[in-house]
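Colleague: Please see the structure below; I have some questions.
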Amino acid sequence: MNNKEKITEELKDFCENIEKWFQGNEKDQNALLKRILSGFSPDFKMINGDGNTATLSMFSEWLPTVFGKFPDRSVRIENIEINHSEHHGLATYTEIQMTEGVANTRKSSAVFLLTEERALWVHLIENWI
């Protein structure tokens with residue numbers, strides 16, 4: 001798998017898994033949590049749409065509070081653009097979360113660390129649209 005494919009797969013997998021998490025449709029919650037968190041570098045940091053910074057530890061503590069909280073939420077991404085070097089990648093995309101007919105949309109930029117096996121999230125910046 002080439003580096004662009006690794007990034008694309010990680011984006012796709014994350015969207016599918018976080019949607020399952022929000023909906024609470026996964027019987028094995030611990031396995032799903034491990035799948036979600038396995039895609040992140042221990043050094044992960046995020047700046048959310050409100051301008052607040054979160055670390056992987058903060059994200060890991062927040063996730064259990066929203067398991068099954070949004071049973072009809074869908075998560076999709078579009079307008080994906082990917083650039084990469086041998087060891088890092090940058091993806092920009094639009095993320096749309098729909099809950100009860102209301103869209104929460106953000107423009108995101110994510111930096112990935114590329115390993116032999118996969119792409120790991122290192123930094124994410126989200127801006128509300």
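The values are calculated or read from the model by the stated rules, or taken from the named source; none is laboratory data. Values in this document were obtained by computation on a predicted structure and should not be read as measured data. Cβ sites come from the backbone with ideal geometry, for glycine too, and all protein chains shown count toward neighbours.
This table checks each residue for (1) under 15 Å from ALA110 (Cβ atoms); (2) modelled with pLDDT of 95 or more; (3) polar (S, T, N, Q).
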site: ASN2; (1), (2), (3): no, yes, yes
site: LEU37; (1), (2), (3): no, yes, no
site: SER41; (1), (2), (3): yes, yes, yes
site: MET46; (1), (2), (3): yes, yes, no
site: SER60; (1), (2), (3): no, yes, yes
site: PRO64; (1), (2), (3): no, yes, no
site: PRO71; (1), (2), (3): no, yes, no
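Colleague: Is it true that some residue in region 26-35 is crowded, with 16+ Cβ neighbours inside 10 Å, under 12 Å from the mean Cα position of the chain (by Cα) and within 25 Å of ILE129 (Cβ to Cβ)?
Modeller: The answer is no, given that none of the residues of region 26-35 is crowded, with 16+ Cβ neighbours inside 10 Å, under 12 Å from the mean Cα position of the chain (by Cα) and within 25 Å of ILE129 (Cβ to Cβ).
Colleague: Find the residue count for region 78-103, including only residues that are assigned to a strand (DSSP E or B) and either in contact with a Cys (Cβ under 8 Å, 6 or more places away or on another chain) or in contact (Cβ under 8 Å) with a residue 24 or more places away in the chain (or both).
Modeller: Of the residues in that region, 12 qualify.
Colleague: Among the listed residues SER74, SER108, which satisfies the condition of being surrounded by 13 or more Cβ atoms within 10 Å (Cβ to Cβ), in contact (Cβ under 8 Å) with a residue 40 or more places away in the chain and among the polar types (S, T, N, Q)?
Modeller: Going through SER74, SER108 in turn, just one is surrounded by 13 or more Cβ atoms within 10 Å (Cβ to Cβ), in contact (Cβ under 8 Å) with a residue 40 or more places away in the chain and among the polar types (S, T, N, Q): SER74.
Colleague: Next question. Which condition does ALA54 not pass, out of (1) of a type outside the set (Phe, Trp, Tyr); (2) under 23 Å from GLU5 (Cα atoms); (3) in a strand (DSSP E or B); (4) over 12 Å from the mean Cα position of the chain (by Cα), if it passes all the others?
Modeller: (2)
Colleague: Name every residue in region 36-70 that is touching a residue at least 24 places away in the same chain (Cβ under 8 Å), among the β-branched types (Val, Ile, Thr) and either surrounded by 15 or more Cβ atoms within 10 Å (Cβ to Cβ) or closer than 17 Å to HIS123 by Cβ (or both), in order of residue number.
Modeller: Hits for region 36-70 are ILE36, ILE47.
Colleague: I'd like to know if region 78-96 contains one or more residues that are at pLDDT 95 or above, in contact with a strand residue (DSSP E or B) (Cβ under 6 Å, 6 or more places away or on another chain), surrounded by fewer than 17 Cβ atoms within 10 Å (Cβ to Cβ) and among the charged types (D, E, K, R).
Modeller: yes
Colleague: When you go through (1) charged (D, E, K, R); (2) surrounded by fewer than 16 Cβ atoms within 10 Å (Cβ to Cβ); (3) at pLDDT 95 or above; (4) over 17 Å from GLU126 (Cα atoms) one by one for LYS20, which number turns out not to apply?
Modeller: The one condition LYS20 does not meet is (2).
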